[in-house]
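Report on the following structure.
No value in this document is a laboratory result; all are computed from the given coordinates. These numbers were taken from a predicted model, which means no experiment stands behind them. Quick reminder, even Gly has a Cβ in these numbers, built from the backbone with ideal geometry, and neighbours come from all protein chains shown.
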Amino acid sequence: MLLESDTYEAPRDTVFVHGAGGNSLLWRRTLQYLSGGARAFAVNLPGHPSGEITCKSIGDYAESVHSFIAELGLKRPAVCGHSMGGAIVLDLAISHPDDLGALVLVSTGAKLGVNQLILDGLRDQPMSTIEKVITPWSFSSIDLGLGREARTALSISNLPVFLNDYLACQGFDVRSELPKIGAKTLIVCGDKDRMTPPSWSEYLNANIQGSELHFVNGSGHMLPLERPQALARVIQSFLSGLTQ
């Protein structure tokens with residue numbers, strides 16, 4: 001079944017993948033700043049923001065995105081992922097290298113260890129854990145307006161998907177596979193990211209040949225919400241520089 005998606009303009013056909021417990025609205029503020037004659041597709045992964053949970057691993061999610069690309073007939077699109085979405089992009093780049101034109105990795109890592117406090121909290125008190133642990137840890141600073149917008153970008157209507165996604169992240173580790181990646185790669189991270197710290201992006205940059213790394217000052221983990229215009233500027237430049 002084709003994933004649901006929102007469509008925007010972009011310099012090159014690009015699929016945008018949200019993170020754990022998220023949905024396509026994560027990208028809304030960022031994608032409004034992109035322009036060009038191609039399309040940006042912000043997808044909802046299976047079970048997000050509602051519906052049956054059918055994917056149990058990063059690999060499962062990667063195959064759902066690959067099916068989306070194939071069903072739309074996209075020819076070597078760029079694929080951009082945030083956090084868990086970045087892990088999905090990395091899995092795609094390793095398992096389907098000939099089908100991707102470029103990668104954009106936002107606030108992610110080659111191994112996504114998850115704090116045990118988050119896992120235990122999502123098992124016992126998911127809503128409280130989202131509000132009192134995950135959200136505060138995800139921003140360098142947050143006000144009421146940004147908090148409300150963050151909530152719309154989460155799959156609150158399907159709370160079990162949060163634990164499912166964080167367990168998928170816990171099992172993700174492609175550190176030994178990074179040298180296989182040949183696609184042009186942009187890596188972006190907030191300088192105040194507590195969830196996937198800057199050192200994780202530095203590791204990606206050191207192990208993916210020909211990648212480029214950009215830090216966005218004054219942002220935590222939720223870079224697409226906290227500094228959307230700065231993120232869009234970096235992505236726009238990168239996508240515009242790709243040869244078709």
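Remark: relative contact order (the chain) = 24 percent; criterion is Cα-Cα distance under 8 angstrom and separation of 6 or more residues.
Rounded, prolate or oblate, given the Cα gyration tensor of region 49-176, with a/c below 1.5 counting as rounded? Prolate shape, in that a/c is at least 1.5 and a/b is the bigger ratio. Note on region 139-244: dipole from Cβ charges, positive end direction compared against Ile208, Ser157, Leu239; the farthest Cα belongs to Leu239. Relative to the longest principal axis of the Cα atoms of the chain, helix 58-72 runs at roughly 50 degrees.
Reported to the nearest whole Å, the Cα centre-to-centre distance from region 105-155 to region 172-244 is 19. Hey, what angle do you get for helix 228-240 against the long axis of the chain, alpha-carbon based, 0 to 90 degrees rounded to 10? Taking the Cα atoms of the chain, the angle to 228-240 is about 20 degrees. About its Cα centre, region 5-240 has a charge dipole of approximately 400 debye under the convention of +1 per Lys or Arg Cβ and -1 per Asp or Glu Cβ, with nothing else charged. From its DSSP helices (H runs of at least four residues, each -39,500 (n - 2.57)), the chain gives a residue-normalised ellipticity at 222 nm of -11000 deg cm²/dmol.
Using the Karplus relation 6.51 cos²θ - 1.76 cosθ + 1.60 with θ = phi - 60°, the per-residue 3J(HN,Hα) values for region 77-92 come to x, 6, 10, 10, x, 9, 6, 4, x, x, 4, 4, 5, 4, 4, 4 Hz, with x marking Gly and Pro. If I fit a long axis through the Cα atoms of helix 198-207 and take the longest principal axis of the Cα atoms of the chain, what angle between them do I get, 0 to 90°, rounded to 10? Helix 198-207 and the main axis of the chain meet at about 30 degrees.
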